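Engineer: Before I ask anything, here is the structure I am working with.
The values are calculated or read from the model by the stated rules, or taken from the named source; none is laboratory data. Every value quoted in this text rests on a predicted model; they were computed, and no experiment measured them. So basically every Cβ, Gly included, is an ideal-geometry build from the backbone, and we count neighbours across all protein chains shown. For accessibility, only protein heavy atoms count, side chains too; no ligands or nucleic acids. Shrake-Rupley method; radii C 1.70, N 1.55, O 1.52, S 1.80 Å.
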Amino acid sequence: MRMAVQRRGDGPDVVLFHGGMGSWQHWIRNIDALATRFSVHALDHLSYGDSPSVPRETTGPEYLDLMYRAITDMFPGDGALRFAGFSFGGAIAANLARRLSRRVTHLALISPGGFPRRRFGDRPTRSYREAGDDEKLFREICRHNVLVNMLSDPASVSDETVDIQARCVRRARFDSRKVSAGGTLLGDLAALGCRLRLLWGERDDSPFRPASLLIGEIREAAPSIDVHRIPRAGHWSAYENAPDVNRLLLEFFSS
């Protein structure tokens, strides 16, 4: 399967993996900055955005196998790759980095998924099915869920933000929780020998996503990881505080 991809810039290859119910647009505020030094490849994962679909019954491990094949088709040979993964995409990027071994020289994770399935606090999200055919209500639910899951400040949620969320939700055709709660992240990180950086929004901390616990587990699995808390940002820090994230990614990928 051939994934859809947005490409910008020239230089060493940087591959961007988006979050759950997402698309390449999760990186909309980062691509141009990274493209000043790198060849940027912002993916639509399989069953997201404009990429082809996988069967709905595909399991998490099967999905990771399909993503590995798609990435090796997109980047044949043994050239060096730099990965950045957000949330669901962080679990994918870490798993592929382990499989690709020395080809991946740098892995940046932004509030990654891939932890073992556990029950923390309930998320006060709303079901998109509640909207039916009511477009106004659908956009209201998109705005609500973005503030629960993604962003920390209501002022960060613009019409552009809701447009991105609405498009992504409508084009998501795989349950990302099969990977995000698949328990692969820590084992993959423990096996890696590449440079590692973790970015985590200072406000990405809640009863359903306890930052100290999860960051601690990452540090235990990968003691060499370089950790940065992103000020004035929630889960989607690459969007909510793009200047700080762009600076840290450019610095990291240039090292």
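Engineer: Identify the residue in region 219-235 that is among the hydrophobic types (A, V, I, L, M, F, W, C) and in contact with a Phe, Trp or Tyr (Cβ under 9 Å, 6 or more places away or on another chain) and, among all such residues, is nearest to L147 (Cα to Cα).
Structural biologist: A233
Engineer: Right, something else. Report the residue count in region 52-72 for those that are of a type in the set (G, A, S) and open to solvent by 10 Å² or more (accessible area, probe 1.4 Å).
Structural biologist: Pass one, region 52-72, residues of a type in the set (G, A, S): 53, 60, 70.
With open to solvent by 10 Å² or more (accessible area, probe 1.4 Å) added as a condition, the list becomes 53.
Number satisfying all stated conditions: 1.
Engineer: If I ask for residues that are closer than 19 Å to L137 by Cβ and either modelled with pLDDT under 95 or open to solvent by 60 Å² or more (accessible area, probe 1.4 Å) (or both), which ones from region 148-170 would you list?
Structural biologist: P154, D159, R167, R170
Engineer: Looking at (1) under 20 Å from L192 (Cα atoms); (2) open to solvent by 60 Å² or more (accessible area, probe 1.4 Å); (3) among the acidic types (D, E); (4) in a helix (DSSP H, G or I), find the lone condition where D78 falls short.
Structural biologist: (4)
Engineer: Another question about this same structure. Only one of these is in contact with a helix residue (DSSP H, G or I) (Cβ under 8 Å, 6 or more places away or on another chain), open to solvent by less than 50 Å² (accessible area, probe 1.4 Å), farther than 19 Å from G20 by Cα and in contact (Cβ under 8 Å) with a residue 24 or more places away in the chain: L185, L192, L198. Name it. Before the answer, list the steps.
Structural biologist: On the way: L185 fails: farther than 19 Å from G20 by Cα; L198 fails: farther than 19 Å from G20 by Cα.
Of the residues listed, the single one that is in contact with a helix residue (DSSP H, G or I) (Cβ under 8 Å, 6 or more places away or on another chain), open to solvent by less than 50 Å² (accessible area, probe 1.4 Å), farther than 19 Å from G20 by Cα and in contact (Cβ under 8 Å) with a residue 24 or more places away in the chain is L192.
Engineer: Moving on to the next point. Could you please tell me which pairs satisfy a Cβ distance under 7 Å, a separation of 6+ or placement on different chains, a first residue in region 2-30 that is at positive phi, and a second residue that is among the polar types (S, T, N, Q) and surrounded by fewer than 21 Cβ atoms within 10 Å (Cβ to Cβ)?
Structural biologist: Cβ pairs passing all conditions: G9/T36; G9/S39; G11/S39.
Engineer: Could you look through region 1-38, keep only residues that are of a type in the set (V, I, T) and open to solvent by 10 Å² or more (accessible area, probe 1.4 Å), and pick out the one that is nearest to S111 (Cα to Cα)? Don't jump to the end; show me each part of the working.
Structural biologist: Quick first cut of region 1-38, residues of a type in the set (V, I, T) only: 5, 14-15, 28, 31, 36.
From what is left, the residues that are open to solvent by 10 Å² or more (accessible area, probe 1.4 Å) are 5, 28, 36.
Working: V5: 22, I28: 17, T36: 24 Å.
Among those that are of a type in the set (V, I, T) and open to solvent by 10 Å² or more (accessible area, probe 1.4 Å), it is I28.
Engineer: Which ones in region 92-135 are in contact (Cβ under 8 Å) with a residue 40 or more places away in the chain, open to solvent by less than 80 Å² (accessible area, probe 1.4 Å) and farther than 17 Å from L64 by Cβ?
Structural biologist: T105, H106, A108, I110, S111, F120, G121, Y128
Engineer: Please state which one of G89, G49 is in a loop (DSSP other than H, G, I, E, B), closer than 29 Å to S254 by Cβ and either among the charged types (D, E, K, R) or open to solvent by less than 10 Å² (accessible area, probe 1.4 Å) (or both).
Structural biologist: On the way: G89 fails: in a loop (DSSP other than H, G, I, E, B).
When all the criteria are applied, what remains is G49.
Engineer: Starting from residues that are under 27 Å from A93 (Cα atoms) and of a type outside the set (S, T, N, Q), keep the ones in region 136-147 and report whichever is surrounded by the fewest Cβ atoms within 10 Å (Cβ to Cβ).
Structural biologist: In the first step, residues of region 136-147 are kept if they are under 27 Å from A93 (Cα atoms); the result is 142, 145-147.
The next check asks that each one be of a type outside the set (S, T, N, Q); those that pass are 142, 146-147.
Working: C142: 24, V146: 22, L147: 18.
In this case the residue turns out to be L147.
Engineer: Something else about it: Here's a check for you: in region 125-147, which residue that is out of contact with any helix residue (DSSP H, G or I) (no Cβ under 6 Å at 6 or more places or on another chain) and either modelled with pLDDT under 95 or charged (D, E, K, R) (or both) is nearest to R173 (Cα to Cα)?
Structural biologist: Once the filter is applied, the top-ranked residue is R129.
Engineer: Do you know which residues across region 3-39 are farther than 16 Å from V169 by Cα, in contact with a Ser or Thr (Cβ under 8 Å, 6 or more places away or on another chain) and in a loop (DSSP other than H, G, I, E, B)?
Structural biologist: M3, A4, G9, D10, G11, P12, R37
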